[in-house]
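The values are calculated or read from the model by the stated rules, or taken from the named source; none is laboratory data. If you're wondering where the values come from, they're calculated on a predicted model, not measured in any experiment. All Cβ positions, even for glycine, are placed from backbone atoms using ideal geometry, and neighbour counts span all protein chains on display.
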Amino acid sequence: MPTAIARVSCPVCHTEFQTYIEQVLDARVDPGAKNRVLSGAVNVAVCPRCGNGGSLNLPFIYHDPDHEVALLYLPMESGRSEIERQRFAGVLTQQLMNSLAPEERRGYLLQPETFVTMESLVRRALEIEGVTEEEMQRSQDQRELVSRLLEAEPDAWDALIAENESLIDEGFFGLIQYLLQVTGAEPEAASEAGAEDEEAPVSAEAEPFRRLYLHLIEKHPVGQRLVARTAVVRIFADNPSAETLLQALVEATDTETVNMLVQMGAKAMDYRFFQLLLQRVETAETPEEQTRLKALRRQVLDRREVLNKAGQDLAEERLDLLDKLMSSEDPLKMARSHLSEIDEAFMYLLQTQLQEAQKLDDKPLLEALNRVVAVLNRLSEEAMPPEMLFVRRLLAAPDEEQLVEFLRENQPLLQPQLFEFLEALEQETRERGDTGVADRLALARQKAQELAGPMEPAASSLKAPTASRPAADLDEGQRQTPSGLIISRR
Ligand SMILES: [Zn+2]
C-alpha cells in the first residue's frame, strides 16, 4: 500500500522525528489495518523521546473488499476550501483504484462513504463488522474505566475495579494490552511500528499502563486466568510433541485454552496422540477424572472437525485466488491487493498444482503457474530490504564473469556496509552448513572489494527509502494537529 513519511515535531520536548503515514488502508492487504481503523488509531504518532503522542488527523481511505465498502476520512482541516477537500478525496480514491487489478475495480470504490470525524468513521466500521450498539457501549465504558483507573492512585484501583466488575473481561485486558503497544511500552510492538533507528525507552506515558496491567494480572481472576493460559500453552509451544500437547490439554482449565491448543497442535495430533489420549481416559484414577477426560477428548475431536472444515473452505478460497492470478490482466496488482491471502495455504496449493501439472506434462498450465511464481518473486523482492535484494541478484549470476559485470553496474553500492553485510551473511550460511552459497558469497565479497578499491570508511547508507515517498498531498508548510503534534512538509 502506498505509504508516505511525515516529519513531526513534538510540542513538549521539540524533538523532530519521522513517522509513516497511511493514506490507503486495505483490510485484505494488511489485516492489521482493520484493527487500526476499528480502534481509531490510524496515523498516530508517538514522540520517540518523551512518549507524547496522538492522532495526526490526516485523511485516508479504508477499503474492506469482503464487505465491499470504502470509507473515506476527510477531516475539515484536510483542505482550506471544499474544492481542495474534494480534490484530496479524488486523489485518495484514485490511489485506491490504482492499487487494484482492473477486474477488481468496482463502482462502490468511486463513491466512498465520507466522514469528517474519526468517531463517526469508527462507528460505521464497527457497524460493518456487525458489532452491536450494546457492544459498542460496553467497549466505550471499558475505555472510560481505563481512563479513570489511570487518573486514580494505585491504592484506589481495587475499589474502582470492584465497582465495575461487570466490565472486566478478557476484552478489557485486550484493551490494556493494546494501549501498552500504542504507547510503546512493549518493546516488540515498538520496533514493529517502524521506528528502527532508536530503541524507545519506556516512556513516562506508558509506565502507568504497565503498572495497571501488572496489577490486574496479579490480582484479578480474569488476569490470573490469562497468566495460567500462557503457562499451559507454553508447555506445548516450548517443546512441541504429542506428549507435551497432551499434558497441556489435561492441564488446561477452560474451553478457550483447549481450543487454542487444538489449533496450535494440529500437526502433533497424529495417530499416536489419540492413542495416548485414549490411554489417559482408560487409566484415569477416579470416575470423576475419567468423565472429565472423556469430555476433553470429545471437545478436542469436535474442535478438530471445525478446524478441518475451515481448512477446506480456506483451500477453496486459495484455489479461487490462484485462478484469478492466472487469468488476471495485471497479476502483480492482483497479488499485491491480496497480499494477506498469499500465505502458507496458498503456497502449499501452488506447489501441489505445479507438481500435478508436471506429472501430467500439461505445458500451458505449467506456463501459467510459472507466471504466478514469477509474480510472487517480484512481490517478495518488493518487500525485501535493499541489501537482501542486492544479494539475491548477486547470487543469481550464473558465472564469475557475470557476477563481476553485475557488481560493476552497481559500483555505487560497493560500500563498507555492504561488505560487512556480506561477511555476516556468509558466516551465517556457513554455520547452517550451506557451503556452496557461503563460498559464492565469499567470492562476491572479494570481487566487490577489489572493484571498490581502497576507500574511506563511508557514512552513506545502503538503505534507500524505496518503499516510501514524501507526502506530496499534505498541506503546505506546517500544521498543528488537535493532539498538538506539528506536521511539517519535507
Ligand atoms: Zn517529545
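Observations, loosely collected:
- For segment 206-223, taking the residues that are touching a residue at least 60 places away in the same chain (Cβ under 8 Å) and surrounded by 14 or more Cβ atoms within 10 Å (Cβ to Cβ), the one that is farthest from Trp157 (Cα to Cα) is identified as Ala206.
- Residue in segment 66-88 that is of a type in the set (Asp, Glu) and either within 24 Å of Tyr178 (Cα to Cα) or within 16 Å of the ligand (Cβ to nearest atom) (or both) present: no
- Residue check, Val37 part of a loop (DSSP other than H, G, I, E, B), more than 16 Å from the ligand (Cβ to nearest atom) and closer than 30 Å to Leu325 by Cβ: no
- Whichever residue in segment 81-106 is part of a loop (DSSP other than H, G, I, E, B) and in contact (Cβ under 8 Å) with a residue 60 or more places away in the chain and, among such residues, is nearest to Asn43 (Cα to Cα): Ser99
- Condition broken by Val42, with the remaining ones in (1) away from the ligand (no atom under 16 Å from the Cβ); (2) assigned to a strand (DSSP E or B) satisfied: (2)
- Restricted to segment 280-294, and to residues there that are exposed (fewer than 11 other Cβ atoms within 10 Å of the Cβ) and not in a loop (DSSP other than H, G, I, E, B), the residue that is farthest from the chain's Cα centre (by Cα) is Pro287.
- When segment 377-392 is filtered for residues that are hydrophobic (A, V, I, L, M, F, W, C) and surrounded by 13 or more Cβ atoms within 10 Å (Cβ to Cβ), the ones remaining, listed by number, are Leu379, Met384, Met388, Leu389, Phe390, Val391.
Residue-by-condition table, conditions (1) farther than 24 Å from Ser139 by Cα; (2) surrounded by fewer than 21 Cβ atoms within 10 Å (Cβ to Cβ):
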| site | (1), (2) |
| --- | --- |
| Ile5 | yes, yes |
| Cys10 | yes, no |
| Glu16 | yes, yes |
| Pro31 | no, yes |
| Pro65 | yes, yes |
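- Among the candidates Val437, Val372, the residue that is surrounded by 18 or more Cβ atoms within 10 Å (Cβ to Cβ), in a helix (DSSP H, G or I) and not assigned by TED's automatic domain parsing to the domain that holds Ala101 is uniquely Val372.
- Positions within segment 1-17 being within 10 Å of the ligand (Cβ to nearest atom) and in a loop (DSSP other than H, G, I, E, B), in sequence order: Cys10, Pro11, Val12, Cys13, His14, Thr15
- Criterion applied to Ala452, Ala448, Ala442, Ala464 was being exposed (fewer than 15 other Cβ atoms within 10 Å of the Cβ) and either more than 30 Å from Gly53 (Cβ to Cβ) or modelled with pLDDT under 85 (or both), and the one residue passing it is Ala464.
- In segment 46-63, the qualifying residues are those that are over 17 Å from Pro75 (Cα atoms) and crowded, with 21+ Cβ neighbours inside 10 Å, and the one that is nearest to the ligand (Cβ to nearest atom) is Cys47.
- Residue within segment 18-31 that is within 16 Å of the ligand (Cβ to nearest atom) and part of a loop (DSSP other than H, G, I, E, B) present: no
- Gln312, sole failed condition from (1) within 25 Å of Arg225 (Cα to Cα); (2) of a type in the set (S, T, N, Q); (3) within 28 Å of the chain's Cα centre (by Cα): (1)
- Comparison of Ser78, Ser99 shows that the only residue that is touching a Ser or Thr at 6+ places or on another chain (Cβ under 7 Å), of a type in the set (Gly, Ala, Ser) and surrounded by 15 or more Cβ atoms within 10 Å (Cβ to Cβ) is Ser99.
- The one condition from (1) of a type outside the set (S, T, N, Q); (2) closer than 30 Å to Val373 by Cα; (3) not in a helix (DSSP H, G or I) that Leu325 does not meet is (3).
- Pair list, Cβ < 7 Å and 6+ apart or interchain, from segment 9-32 residues that are of a type in the set (Phe, Trp, Tyr) to residues that are more than 16 Å from the ligand (Cβ to nearest atom) and in a loop (DSSP other than H, G, I, E, B): Tyr20/Gly194
- The condition (being loosely packed, with under 13 Cβ neighbours inside 10 Å and either under 19 Å from Arg378 (Cβ atoms) or free of Cβ contacts under 8 Å to residues at least 24 places away in the same chain (or both)) is satisfied by just one residue among Glu341, Glu316: Glu316.
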